[in-house]
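**Student:** Attaching a single structure in structure tokens format; questions to follow.
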Amino acid sequence: MKKTDFILEHYPSYEVNIGIEVHVQLTTNSKIFCSSPNNISDQPNSNICHICTGQPGVLPVLNKEVVHCAIKAGLATNCIIAPLSTFARKHYFYPDLPKNYQITQSDKPICSEGKVVIRLEDGSLKPIRITRIHMEEDAGKNIHVANTNESFIDLNRAGTPLLEIVTYPDISSAYEAREYLKSLRLIVQYLGICSGNMEEGAFRADTNISVRKKGAQELGTKCELKNINSFKFISDAIEYETGRQIELLESGQSVQQETRLWNTKKGITETMRLKEEAADYRYFDDPDLPLIIISQEEIDAVKMNLPELPSEKYEQLLAQGLSAYEADILVQDLELSAFYEKAHKLTTSKQLINWILRDLMGLLKSTKTSLAESRITPFNLAELIELIEKGTVNTRTAQEIFIEMASTGRDSHIIMQEKGLQQMDNLDELEQIIKQIIAENQESVTAYKAGKEKLWGFFVGQAMQKTKGKGNPQTINELLKKFLN
Ligand SMILES: [Zn+2]
């Protein structure tokens with residue numbers, strides 16, 4: 001993340017211009033143009049039919065749900081939703097594409113001219129403009145077996161609905177690229193239209209990178225980095241590619257327009273193929289599919305049911321008194337923020353967020369479990385915090401109850417009662433204990449009174465020991481003050 005800045009600092013007369021195309025795999029029940037199930041199957045060629053395998057004479061029928069997903073994505077990224085858009089055929093030959101064309105949208109996409117706002121390192125906001133969002137079908141997969149030299153085709157993925165979301169070249173560092181991708185991924189996850197799983201290819205980014213001298217009118221020649229499946233690799237690849245292009249120009253050479261791949265092992269980008277011209281695809285409107293007409297009522301209906309977006313959740317958490325840091329952690333994790341919100345309905349204690357970020361996250365990390373697998377429920381945690389707030393248990397015994405809750409999933413007040421962990425708050429009882437400690441430790445008392453103030457901790461420790469950790473620390477401190485001074 002810092003290295004790009006380093007490269008650009010090293011060549012202060014240059015800037016990098018990055019545009020990103022993201023393919024978002026939609027989580028609809030069925031595929032985009034047929035009723036075959038849209039899910040990952042281990043059995044090759046099991047989720048297929050005559051339509052998604054491109055048999056002659058079949059007619060595609062558009063899945064309405066895909067259009068709704070596109071409208072949602074468009075609204076969440078401040079796009080204009082086109083009242084009329086069309087599907088086009090993009091022609092190319094490849095074994096995993098039996099029709100020899102992909103159905104996509106060309107010059108009339110469903111959404112255009114939007115923006116995603118990202119937060120920069122200094123906390124300021126920057127809009128990244130979206131040029132378009134369009135719907136398309138995915139292709140199948142070729143599987144090459146290295147040792148037998150055989151190739152297979154699995155068409156399960158053919159016809160899987162995708163949204164392609166394309167930015168203007170507004171992104172000007174690896175850091176911004178990463179922030180944009182993180183923001184966009186959260187948006188589609190919040191919308192419930194994509195799993196966001198990068199390793200499985202459900203959210204994949206192609207990055208166009210070019211460099212130019214600051215103040216130049218034209219963009220430099222771009223290279224496309226294809227299919228990089230982690231945020232880290234994307235920012236590493238951008239760092240490398242920025243440096244490579246600047247160094248080419250500095251040594252008097254030029255940048256070739258091409259598609260490059262990130263070599264994870266070597267940490268470099270490598271040529272994959274020279275870029276085909278767009279005209280090679282011979283786009284034309286698909287005569288098998290009708291125009292996509294969207295009414296304002298339809299858009300309004302989707303808007304009405306739009307779930308809360310990450311930026312809205314962030315603002316809401318700040319309004320609840322969380323710090324920017326705390327709110328950010330919750331926003332990045334839908335599961336965790338849902339947990340927080342459920343618990344927050346039951347307790348408004350400021351301790352809640354600390355228990356979630358410190359104790360709960362700590363526990364999940366040390367036991368290598370997910371929140372879903374954990375036996376701590378929002379209800380139990382909120383109840384435990386209320387017990388602390390009311391002074392029924394102290395923080396120390398609360399930790400003990402928490403550990404027990406995590407392994408048994410039982411209610412905090414039941415654990416407290418069974419283990420006799422209620423805070424000892426009875427003044428007479430505690431006074432007896434303090435008197436006993438003083439009687440048993442006369443030497444220390446004399447030393448303390450003579451000015452050895454460090455012994456205070458010793459007396460508190462004794463009191464906690466005698467109350468088995470259950471004494472109310474505040475009362476103990478007050479009583480010690482009374483008897484020792
Ligand atoms: Zn099918």
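The values are calculated or read from the model by the stated rules, or taken from the named source; none is laboratory data. None of these values were measured; they are calculated from a predicted model. Because the Cβ atoms are built from the backbone with ideal geometry, glycine has one as well, and the counts that use them run over all protein chains shown. These accessible areas exclude ligands, DNA and RNA; they are computed on the full protein's heavy atoms, side chains included. Shrake-Rupley method; radii C 1.70, N 1.55, O 1.52, S 1.80 Å.
**Student:** Give the residue, chosen from S195, S183, S210, S172, that is open to solvent by 20 Å² or more (accessible area, probe 1.4 Å) and farther than 22 Å from A76 by Cα.
**Tutor:** S172
**Student:** Going residue by residue through region 26-49, is there one that turns out to be outside any loop (DSSP other than H, G, I, E, B), more than 14 Å from the ligand (Cβ to nearest atom), polar (S, T, N, Q) and under 30 Å from L62 (Cβ atoms)?
**Tutor:** Looking for residues that are outside any loop (DSSP other than H, G, I, E, B), more than 14 Å from the ligand (Cβ to nearest atom), polar (S, T, N, Q) and under 30 Å from L62 (Cβ atoms), one finds none in region 26-49, hence no.
**Student:** Where residues in region 110-148 are assigned to a strand (DSSP E or B) and touching a helix residue (DSSP H, G or I) at 6+ places or on another chain (Cβ under 6 Å), which of them is farthest from R89 (Cα to Cα)?
**Tutor:** Among them, the one singled out is I118.
**Student:** Select from region 403-424 the residues that are open to solvent by less than 80 Å² (accessible area, probe 1.4 Å), part of a loop (DSSP other than H, G, I, E, B) and touching a Lys or Arg at 6+ places or on another chain (Cβ under 9 Å) and list them in ascending order.
**Tutor:** G409, G420, L421, Q422, Q423
**Student:** Quick check on G74: is it closer than 20 Å to G201 by Cα and away from the ligand (no atom under 16 Å from the Cβ)?
**Tutor:** no
**Student:** Given the criteria modelled with pLDDT of 95 or more and in contact with a strand residue (DSSP E or B) (Cβ under 6 Å, 6 or more places away or on another chain), does V61 qualify?
**Tutor:** Here the answer is no, as V61 does not meet what is asked.
**Student:** Tell me the residue from V22, V67 that is in contact with a strand residue (DSSP E or B) (Cβ under 9 Å, 6 or more places away or on another chain), away from the ligand (no atom under 16 Å from the Cβ) and part of a helix (DSSP H, G or I), please.
**Tutor:** So the residue among V22, V67 that is in contact with a strand residue (DSSP E or B) (Cβ under 9 Å, 6 or more places away or on another chain), away from the ligand (no atom under 16 Å from the Cβ) and part of a helix (DSSP H, G or I) is V67.
**Student:** Looking at region 84-91, can you tell me whether even one residue there is within 16 Å of the ligand (Cβ to nearest atom) and in the same structural domain as S183 (by TED's automatic domain parsing)?
**Tutor:** no
**Student:** Identify, from the list D288, D300, D280, the residue that is in a loop (DSSP other than H, G, I, E, B), loosely packed, with under 15 Cβ neighbours inside 10 Å and over 26 Å from the mean Cα position of the chain (by Cα).
**Tutor:** Matching residue, one of D288, D300, D280: D288.
**Student:** Right, E429: outside any loop (DSSP other than H, G, I, E, B), open to solvent by 50 Å² or more (accessible area, probe 1.4 Å) and either touching a residue at least 12 places away in the same chain (Cβ under 8 Å) or under 18 Å from P473 (Cα atoms) (or both) or not?
**Tutor:** Here the answer is yes, as E429 does meet what is asked.
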